[in-house]
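For reference, the structure is listed below as structure tokens.
The values are calculated or read from the model by the stated rules, or taken from the named source; none is laboratory data. From a predicted model like this one, the values you see are computed outputs, not experimental measurements. Methodologically, a virtual Cβ is constructed for each residue, glycine included, from the backbone with ideal geometry; neighbour enumeration extends over all protein chains shown. Each accessible area value is taken on the protein alone, full model and side chains, heavy atoms only, with ligands, DNA and RNA left out. Shrake-Rupley method; radii C 1.70, N 1.55, O 1.52, S 1.80 Å.
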Number of protein chains: 2
Amino acid sequence: MSSVSKALELMTFFSGARPEIGLSEMRRLAGRDKATTYRHLQALQVFGLIEQNPETKNYRLGPALLQLAQLREQTVPRKAAARTAIQRLAEVTGETTHVSVMSGNTLYALDSCESEKHSTRAIIDIAIFPLHATASGLCALAFGTADLLEMAQADLKPFTASTPLTQDALASAVADVRRSGFGKSLGTFEADIHSLSAPLFDQDGHFAGAVSVASVATRFDPALERTIMQGLVAASRDITKNWGGRVPQNIEHKWEATLGGHTEMEHAT
Amino acid sequence: MSSVSKALELMTFFSGARPEIGLSEMRRLAGRDKATTYRHLQALQVFGLIEQNPETKNYRLGPALLQLAQLREQTVPRKAAARTAIQRLAEVTGETTHVSVMSGNTLYALDSCESEKHSTRAIIDIAIFPLHATASGLCALAFGTADLLEMAQADLKPFTASTPLTQDALASAVADVRRSGFGKSLGTFEADIHSLSAPLFDQDGHFAGAVSVASVATRFDPALERTIMQGLVAASRDITKNWGGRVPQNIEHKWEATLGGHTEMEHAT
DNA sequence: AACCGACGGTTCAATATATGAACCGATTAT
DNA sequence: ATAATCGGTTCATATATTGAACCGTCGGTT
């Protein structure tokens with residue numbers, strides 16, 4: 001392990017529960033010598049990545065991170081950060097994929113990507129996703145703030161014959177999403193389109209958006225469904241990471257239970 | 001120079017003008033061997049501090065910065081980040097100091113600190129700073145968005161006999177602040193208080209707030225004024241840094257011109 | 001008041017670790 | 001075809017990292 005890695009590892013020990021760490025505690029957490037740990041902390045401090053609380057002498061994350069994060073956001077905005085993931089997802093599924101972001105109480109389309117594989121394909125041309133009628137929307141209802149469900153239940157606009165029109169029908173669909181970890185829309189928004197989606201999360205593990213795959217109903221079968229779900233898991237992990245978020249453990253468990261294990265994907269190279 | 005520092009230095013080469021950097025260019029910027037540079041980049045990449053643009057193979061700042069920055073903000077909110085600076089400023093000046101933040105079109109008091117040095121001292125008990133009558137407010141008018149001045153000129157409330165009451169009087173005071181880099185209020189808000197202030201800046205170099213010193217008028221003299229201004233410069237640099245911002249070059253030049261050189265302060269240890 | 005343990009920080013000999021010249025294969029410009 | 005870049009890799013060399021032992025200080029205990 002390079003000394004650079006050893007130094008950088010120290011930064012990973014900070015968390016909401018442990019925002020400040022003294023030299024000795026850091027030394028124990030890292031399992032390294034005190035002198036080594038001290039020099040590493042010094043190096044990090046020079047660049048403002050960490051700083052010392054002048055009162056307690058404890059170390060904490062530093063101000064330089066704010067500038068760097070701002071520059072990162074400027075360099076790779078959320079749309080760009082999701083781009084390669086939905087392209088890859090379109091490739092492995094052969095279907096149209098898209099990402100949406102939650103802003104306030106609205107789920108906005110951010111970007112979409114069509115696959116070349118089939119001549120018939122779904123086309124995403126909506127700017128705002130109806131929460132009760134789309135797979136991405138169901139993800140929002142299942143994993144977003146509680147008030148969303150009330151709002152959605154108050155406005156159950158019918159799009160197709162399958163669109164859930166009663167509060168109970170919607171609640172049951174949402175419960176299904178909460179259980180499986182995947183949003184599912186079988187022709188509820190457009191009659192001949194079947195969609196699956198997975199939630200995306202922010203830094204606090206709160207719902208931040210959704211990634212989804214829209215498949216032509218006639219070629220939707222259990223094998224494709226499984227391929228899509230596996231692809232969604234990988235895409236959600238990837239986009240969530242690129243947005244600086246983290247997928248909560250319980251969601252990972254739901255995915256694993258739904259897919260029956262074997263959800264481990266190769267780590268991005 | 002430790003190899004940790006050498007690795008971390010690589011991150012400082014990213015900027016708005018140069019958001020992505022290839023291996024060879026990075027090697028040249030750092031003035032180091034290609035293999036070394038490559039290994040350092042790898043180490044940074046493992047921790048998500050940088051990542052590679054998959055298309056161009058160029059390196060750019062990574063997603064981990066978003067999480068770290070968020071945790072930093074959570075650990076050290078703006079008020080706490082300004083605390084030690086205004087304490088030190090109160091010490092070296094022997095006067096009452098305070099910080100304010102710009103939010104929308106309003107300048108809010110964030111924190112203040114009284115010095116023990118004199119038995120008579122200024123007390124800051126306002127929550128919102130009137131822009132035309134306080135030193136901090138004049139900083140906002142001088143360095144904030146242009147619409148602030150119009151708003152302030154439309155509401156020239158008189159506080160003391162010295163409060164500027166005409167648009168011209170205010171415009172001239174603001175011009176003075178723009179020239180010198182310091183806000184100055186000689187009894188314009190409270191008759192027996194003389195205040196000086198310096199602007200604070202965000203990541204983009206935009207006005208973000210002000211730090212100021214309120215002195216009892218009877219002991220205000222050129223020597224104290226100079227001490228205060230020097231202290232303000234150090235405090236503004238410090239707070240701005242802790243908020244993840246940067247003091248624009250032209251402001252530094254103004255301070256230097258006003259103080260006649262010798263504004264270099266010891267760097268924070 | 002003397003003691004103890006834990007803290008942050010420092011030193012220096014021993015050696016584990018970083019280094020860079022040379023090399024590779026792929027692209028691109030000439 | 002040729003040459004110049006590019007990103008990436010190798011391995012002998014030596015330099016920069018390491019950790020045991022050390023300080024001085026602090027807060028609690030005897």
Per residue, in Å², the accessible surface of the range B:3-70 once ligands and nucleic acids are set aside, probe 1.4 Å:
44 Å²
How far apart are the B:Ser15 label points across copies, placing each 7 Å from Cα toward Cβ, in nm, shortest first?
3.8
What is the helix-to-structure angle for A:222-242, meaning the angle in degrees between its Cα long axis and the longest Cα principal axis of chain A, kept from 0 to 90 and rounded to the nearest 10?
30 degrees
Quarter of the Cα convex hull surface for the range B:3-70, i.e. its orientation-mean projected area (nm²):
4.5 nm²
Alpha carbon centre of the range B:213-233 versus the range A:236-254: separation in Å?
53 Å
So for R0 = 25 Å, FRET eff. of A:Lys6-B:Arg18 from the Cβ-Cβ r, to 0.05, ends up at 0.30
Got a sec to turn the phi values of the range B:169-178 into Karplus ³J(HN,Hα) couplings, 6.51 cos²θ - 1.76 cosθ + 1.60 with θ = phi - 60°, whole Hz, x for Gly and Pro?
4, 5, 4, 5, 4, 5, 4, 4, 5, 4
Compute the distribution of all C-alpha to C-alpha distances in the range A:80-162, in bins of 10 Å from 0, and list the percent of pairs in each, rounded to whole numbers.
17, 42, 31, 10, 0
Mind listing the phi-derived Karplus ³J(HN,Hα) values for the range B:95-106, rounded to whole Hz, using 6.51, -1.76 and 1.60 with θ = phi - 60°, and x for any glycine or proline?
10, 7, 10, 7, 10, 9, 10, 8, 9, x, 9, 10
Give me the percent of Cα-Cα pairs in the range A:209-248 that sit more than 14 Å apart, rounded to a whole number.
51 percent
Test item: A:75-87 mean partner chain Cβ contacts at 10 Å:
2
Output, in nm with one decimal and in ascending order, the distances from the B:Ala161 label point to the matching label points of the other copies (7 Å from Cα along Cα-to-Cβ).
8.9
At the level of C-alpha centres, the distance separating the range B:97-161 and the range A:89-149, in angstrom, is 47 Å
Taking the axis of the rotation relating chain A to chain B, the A residue whose Cβ comes closest, together with that distance in whole Å, is A:Ala69, 2
How large is ³J(HN,Hα) for each residue in the range A:46-56, as worked out from phi by the Karplus curve 6.51 cos²θ - 1.76 cosθ + 1.60 (θ = phi - 60°), to whole Hz, x for Gly and Pro?
4, 8, x, 6, 9, 8, 9, 5, x, 6, 9
Which distances, shortest first and in nm, link A:Arg178 to the matching position in the other copies, using label points set 7 Å out along Cα to C-beta?
5.9
Along the principal axes of its C-alpha atoms, what lengths does chain B span, in descending order and rounded to whole Å?
69, 39, 36
Local net charge near B:Ser5, Cβ-Cβ under 15 Å (Lys/Arg +1, Asp/Glu -1):
+4
Take peptide B:54-67, look around each residue's Cβ out to 10 angstrom, count Cβ atoms belonging to other protein chains, and average those counts.
6
Roughly how big is the B-A contact, given as buried accessible area in Å² (both sides, 1.4 Å probe, nearest 100)?
3700 Å²
Residue by residue through B:4-14, how many Cβ atoms from other chains fall within 10 Å of the Cβ on average?
5
Where nothing but the Cβ of Lys and Arg (+1) and of Asp and Glu (-1) is charged, how large is the charge dipole of the protein assembly as shown around its Cα centre, in debye to the nearest 20?
1680 debye
Ranked from highest to lowest mean number of other Cβ atoms within 10 Å per residue, what is the order of the peptides A:192-204, A:3-15?
A:192-204, A:3-15
With +1 on each Lys and Arg Cβ and -1 on each Asp and Glu Cβ, and nothing else charged, work out how big the dipole of chain B is about its Cα centre, in Debye to the nearest 20.
1020 debye
Could you work out the Rg to Rh ratio of the protein assembly as shown, with Rh taken as the Kirkwood radius (inverse of the mean 1/r over all Cα pairs)?
1.06
Rg to Rh, two decimals, where the range B:185-227 supplies the alpha carbon set and Rh follows Kirkwood
1.11
